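Q: Okay, handing you the structure first.
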Amino acid sequence: MQVEGFLARYPPFDALGPEELRRVAGSVQIGFFPAGTTILVQSGEPATSLYVIRTGAVEVLDEGRVVDLLLEGEIFGHPSLLSGLGPALSVRAHEDTLCYLVDRREAERLFGTPTGLAYLTAHLGRRTPRTAEASQAGRSGTALSPVGGLIRRPPVTCAAATPIRDAAELMARERVSSVLVLGGPAPGILTDRDLRSRVLAAGRSPSTPVGEVMSSPLVTVPAEDTVEEVLLAMLEHGIHHLPVTDGSGVVVGVVSDTDLLGLERTDAFAVRSAIERAPDRRALLTEARKLPVLVRGLVSADVDPVHVGRVVAITIDALTERLLELAIAELGDPPGPWAWLALGSQARGEQALATDQDHGLAFEPGELGPEETDRYFAALAARVTDGLEAAGIPRCRGGVMASNPSWRRTASGWVAELRRWMGGAGPEGRVFTSIALDYRRVGGPLDVERHLDAEIRRAPAVPGFVRRVARTAIDLRPPTGFLRDHVVEAFGTRAQTLDVKRGGIIPITNLGRAYAVAAGIAANGTLPRLRAAADAGLLQADLAVGLEEAFRLLWKVRLDHQASRAAADEPAGDLVDLSTLGPVARRSLKEAFRTIIRAQRALANELGLRPW
């Protein structure tokens, strides 16, 4: 009865009638496999039973590479058992594992039923993409390899005075989609897209010099950047060709987005392009609502989770810029210079599907005076905030939005407020350290960042400010680990879900911000901050590496959870059900928590603070 009751809880046995279930259970033998035991060998002897995991966990391996982890109630061995062929993958006990071994005849009878066939079809359909993805390790390896390794020829060049006709002929002859333009005041690049949009569509003469239609200044990437990083740079700048430079800054070649693997993530280019071209608000919101589908595709393609966060932020940047353009077209030209500032996670380029709005606006009074100028920008901010909300990005519950007068100031007002906050302005100071220290201009011509960066660089000299920021980084402790299906929090309380953002991502983000402030570094992203702190000798190199690994792991858990929620048409969030985390993930997360705690203690010791 114990075997029957267990099998009845899991597919495909849960669809069997009482008599059929009793017959299957009666055929079961018990197998015990100590941790590390190879149960099935890839291309080895065929399976002779259907394996059902009673307790423990097994790893599925493709040529020694772990591609899956199966837990209690899951089955394996059936493809080999039914086909009579050697197993397509190896199976190894991840920990001491007890299995129910179902007799071959009962297994064949089970999978011969409509329910069994449906399960088999669905199961193999789910497993195949994961196996295929693992077998394409070369593709993933390429995504992480230096882009310089993809350069096959020197760049094709022409002079700035070259007629467009001659440049086009050169591109056709050399079979390239771009040429570097040299000899003018500054180097540039001419692409086939430029020929279409700036020459043919604009009705320019074929004798027009290339220098008049090229793109300049030239955006380049170093040869050591990875392919994935270069794709992100293309997406961020909205371009499709990037010159690659060697260590001395000399261009050694040009890569295009189509050169770089043809990955699923190029869908991000299509979404951004559609957002930029949207003719009106309705079309814009239609395109913006494709973001969850885009993220699900990136997650399933196993894109670096930190890079996925950047893609989300870049896409929301494009949405914000287009909303600003549409609002200005409706309201008329701004009365003076202005800057729309992304704040918090958007400024850091670290956004997931469960995100809200954090932004501000800086402006110069102009001829209309402060009050009339602010009235215009209040209307502008209201339209953009409403548009972001309609696109699925909720308003900030704390009111950190440009539509709120507190986050819409003159440029000098921003600097004065920054100084006041740095001097210690009570509870507002905590909001400031968690949001407003992370800023980035998204739209507008006003270079307010230059003035704010100067204030950040002098932060180490402001009495008590570094310690206050460090205290924020130390106070929020991660969990200590897991006990069965509960998260054990720092003070002994237990919960059945893990808040992956508050429990791990925010503490690392706070640590990166604290070290950046301590070093006077005006950088935004968490990982660049940690690396800069290590380079400056403020953070131990091994701790910096450990924090980066922990950050990527936590982001992967977060995005996997949110992508699965979005696929089920459920609200994305940060509370992860522990039943969805296997033993490997739990152990990795526990090690990540330990690394965070080590870093918090190191920061506390360095500044003479009591950790907890």
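The values are calculated or read from the model by the stated rules, or taken from the named source; none is laboratory data. Values in this document were obtained by computation on a predicted structure and should not be read as measured data. Every residue, glycine as well, gets a Cβ built from its backbone with ideal geometry; the counts of neighbours run over all protein chains shown. The accessibility values were calculated without ligands, DNA or RNA, using every heavy atom of the protein model including side chains. Shrake-Rupley method; radii C 1.70, N 1.55, O 1.52, S 1.80 Å.
Q: Could you run through the stretch 51-66 and say how many residues are among the basic types (Lys, Arg) and either in contact with a strand residue (DSSP E or B) (Cβ under 9 Å, 6 or more places away or on another chain) or buried (at least 19 other Cβ atoms within 10 Å of the Cβ) (or both)?
A: Adding up the residues that qualify gives 1.
Q: Look at the stretch 173-198 and say how many of its residues are over 25 Å from Ala233 (Cβ atoms) and within 38 Å of the chain's Cα centre (by Cα).
A: 0
Q: Would you mention how many residues in the stretch 273-291 are surrounded by 15 or more Cβ atoms within 10 Å (Cβ to Cβ) and part of a loop (DSSP other than H, G, I, E, B)?
A: Residues that pass the stated criteria total 2.
Q: All but one of (1) under 23 Å from the mean Cα position of the chain (by Cα); (2) surrounded by 17 or more Cβ atoms within 10 Å (Cβ to Cβ) hold for Ala390; state the number of the condition that does not hold.
A: Failed condition: (2).
Q: Taking the stretch 481-519 on its own, how many of its residues are open to solvent by less than 30 Å² (accessible area, probe 1.4 Å) and modelled with pLDDT of 85 or more?
A: 16
Q: What are the residues in the stretch 353-377 that are farther than 12 Å from Gly413 by Cα, part of a loop (DSSP other than H, G, I, E, B) and in contact with a helix residue (DSSP H, G or I) (Cβ under 8 Å, 6 or more places away or on another chain), if any?
A: Leu353, Ala354, Thr355, Gln357, Asp358, Gly366, Leu368 - these are the residues of the stretch 353-377 that are farther than 12 Å from Gly413 by Cα, part of a loop (DSSP other than H, G, I, E, B) and in contact with a helix residue (DSSP H, G or I) (Cβ under 8 Å, 6 or more places away or on another chain).
Q: With the requirement that a residue be open to solvent by less than 10 Å² (accessible area, probe 1.4 Å) and closer than 21 Å to Glu449 by Cβ, what does the stretch 324-344 give you?
A: Across the stretch 324-344, the qualifying residues are Leu324, Ala339, Trp340, Leu341, Ala342, Leu343, Gly344.
Let's see how each residue does on (1) among the small types (Gly, Ala, Ser); (2) within 38 Å of the chain's Cα centre (by Cα); (3) under 23 Å from Arg109 (Cβ atoms):
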residue	(1), (2), (3)
Ala15	yes, no, yes
Gly64	yes, yes, no
Leu89	no, yes, no
Asp96	no, yes, no
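Q: Let me ask something else about it. Could you list, in sequence order, the residues of the stretch 441-459 that are under 20 Å from Arg529 (Cα atoms) and open to solvent by 60 Å² or more (accessible area, probe 1.4 Å)?
A: Passing the criteria: Arg441, Arg450, His451, Arg457, Arg458.
Q: Hey, among the residues in the stretch 167-205 that are of a type in the set (Gly, Ala, Ser) and within 18 Å of Pro243 (Cα to Cα), which one's modelled with the lowest pLDDT? Give the derivation first.
A: From the stretch 167-205, those of a type in the set (Gly, Ala, Ser) are 167-168, 172, 177-178, 183-184, 186, 188, 197, 201-203, 205; that's our starting set.
From the residues that got through so far, the ones that are within 18 Å of Pro243 (Cα to Cα) too are 167, 177-178, 183-184, 186, 188.
Values: Ala167: 92, Ser177: 84, Ser178: 90, Gly183: 80, Gly184: 75, Ala186: 84, Gly188: 93.
Here the answer is Gly184.
Q: Sticking with this one: Just give me the residues in the stretch 186-204 being open to solvent by 40 Å² or more (accessible area, probe 1.4 Å) and either without any contact (Cβ under 8 Å) to a residue 12 or more places away in the chain or among the acidic types (Asp, Glu) (or both), in sequence order.
A: Asp192, Arg196, Ser197, Leu200, Ala201, Ala202, Gly203
Q: Which one is least open to solvent (accessible area, probe 1.4 Å), of the residues in the stretch 67-80 that are without any contact (Cβ under 8 Å) to a residue 40 or more places away in the chain and part of a loop (DSSP other than H, G, I, E, B)?
A: Applying the filter and picking the extreme gives Gly77.
Q: While we're here: Considering the stretch 10-50 alone, what residues qualify as being open to solvent by less than 20 Å² (accessible area, probe 1.4 Å), part of a strand (DSSP E or B) and closer than 13 Å to Tyr100 by Cα?
A: Gly31, Leu50
Q: Further, regarding this structure: Does Ala172 satisfy the condition of being assigned to a helix (DSSP H, G or I) and surrounded by fewer than 19 Cβ atoms within 10 Å (Cβ to Cβ)?
A: yes
Q: Report whether or not Val181 is of a type in the set (Val, Ile, Thr) and outside any strand (DSSP E or B).
A: Judged against the criteria, Val181 is not a match.
Q: If you go through the stretch 520-542, how many residues are under 19 Å from Asn605 (Cβ atoms) and surrounded by fewer than 22 Cβ atoms within 10 Å (Cβ to Cβ)?
A: Adding up the residues that qualify gives 7.
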